[in-house]
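The values are calculated or read from the model by the stated rules, or taken from the named source; none is laboratory data. If you're wondering where the values come from, they're calculated on a predicted model, not measured in any experiment. Note that we place each Cβ from the backbone using ideal geometry, even for glycine, and neighbour counts take in every protein chain shown. Calculation scope for accessible area: heavy atoms of the full protein, side chains included, ligands and nucleic acids excluded. Shrake-Rupley method; radii C 1.70, N 1.55, O 1.52, S 1.80 Å.
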Amino acid sequence: METVEKREQLYEGKAKIIYQTENPDYVIIHYKDDATAFNGAKKESIPGKGELNAKISSVFFELLHSKGIPTHFVRQLNDHELLVRKLEIIPVEVVIRNIAAGSLVRRLGLKEGTKLPFVIREFYYKDDALGDPLVNEYHLQAMGVATFEQLSELSRQALEINRVLREFLRQHQLDLVDFKLEFGIFNGQILLGDEISPDTCRFWDTETHEKLDKDRFREDLGGLTEAYSEVYRRIIG
Ligand code: TMP
């Protein structure tokens, strides 16, 4: 396989660094060991987390490709890094929920663990200064962030991804509670970007309902790398 040249750093976020490569269409995502929550208010370095997120994301991206769903993923380069297509990011987080947890529970008073009667899709506008507010199609279109057509394509892909991931995870005794996706544009096409990992999804053991995701950090439950390793062990098994 041809080697890839790592060039200048383009961006550093809370959990990732992006590097340009010699090919203008490709960038490298480096997954850091840093964990943050509550818009960066809670912070810690957790050795092993970056590597697990890179590996777990790669498994999910390959699964989506095998089901005909295109993403930015090209291949995993090493323990911490993936080669991906360089997207023009749409600053919207698409959240899909199958079971009530997290902010849905806090905001609406539903009981954690309640199975939702149908899939809930939410949009958040990505803006740290505003604290990533919950928005709808009208807000995003009025702000010039995305068109209705683009947003309905994001919804379509997110719901399809939910079907594929939910079914796959169920075979590995994991419930897909909820997750967050980010999309971007490559050659005029809307592609899934970012990552699919226990940092961005909630995974519960189907039987025990044990939390095997970043809620271990958010809720000070401990055992984060053990939980991420368990997710990885199950999805490759
Ligand atoms: P929430 O319940 O806190 O709104 O989170 C819903 C899902 O989105 C959950 O799986 C975690 C994920 N998420 C992120 O990936 N990044 C974020 O900044 C937030 C707030 C949630």
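Only residues that are more than 10 Å from the ligand (Cβ to nearest atom) and open to solvent by less than 40 Å² (accessible area, probe 1.4 Å) were counted across region 92-120, and they come to 5. Only one entry of E93, E88 meets the criterion of being in contact (Cβ under 8 Å) with a residue 60 or more places away in the chain, more than 28 Å from T225 (Cβ to Cβ) and among the acidic types (D, E), and that entry is E88.
Note on region 60-91: residues that are over 30 Å from G144 (Cα atoms) and within 16 Å of the ligand (Cβ to nearest atom) amount to 1.
Hey, among the residues in region 102-134 that are outside any helix (DSSP H, G or I) and of a type in the set (A, V, I, L, M, F, W, C), which one's farthest from the chain's Cα centre (by Cα)? Give the derivation first.
First, pick out the residues of region 102-134 that are outside any helix (DSSP H, G or I): 109-127, 131-134.
Narrowing further to those that are of a type in the set (A, V, I, L, M, F, W, C): 110, 116, 118-120, 123, 134.
Values: L110: 24, L116: 21, F118: 21, V119: 17, I120: 16, F123: 14, L134: 17 Å.
In this case the residue turns out to be L110.
Taking each residue of region 206-231 that is assigned to a helix (DSSP H, G or I) and looking for partners that are exposed (fewer than 14 other Cβ atoms within 10 Å of the Cβ) with beta-carbon atoms closer than 8 Å, six or more apart or interchain, yields D215/L221; R216/G222; F217/K42; F217/E44; R218/F38; R218/K42; T225/P47.
Screening region 1-58 for residues that are open to solvent by 50 Å² or more (accessible area, probe 1.4 Å) and at pLDDT below 95 and picking the one that is farthest from G188 (Cα to Cα) gives A41. Every test in (1) within 13 Å of the ligand (Cβ to nearest atom); (2) open to solvent by 10 Å² or more (accessible area, probe 1.4 Å) is passed by L181 save one, and that test is (2). All of (1) outside any helix (DSSP H, G or I); (2) of a type outside the set (D, E, K, R); (3) open to solvent by 40 Å² or more (accessible area, probe 1.4 Å) hold for H65 with one exception: (1). A Cβ distance below 7 Å, combined with a sequence gap of six or more or placement on separate chains, defines the contacts here; from region 121-148, residues that are open to solvent by less than 70 Å² (accessible area, probe 1.4 Å) reach residues that are at pLDDT below 95 in the pairs G131/N39.
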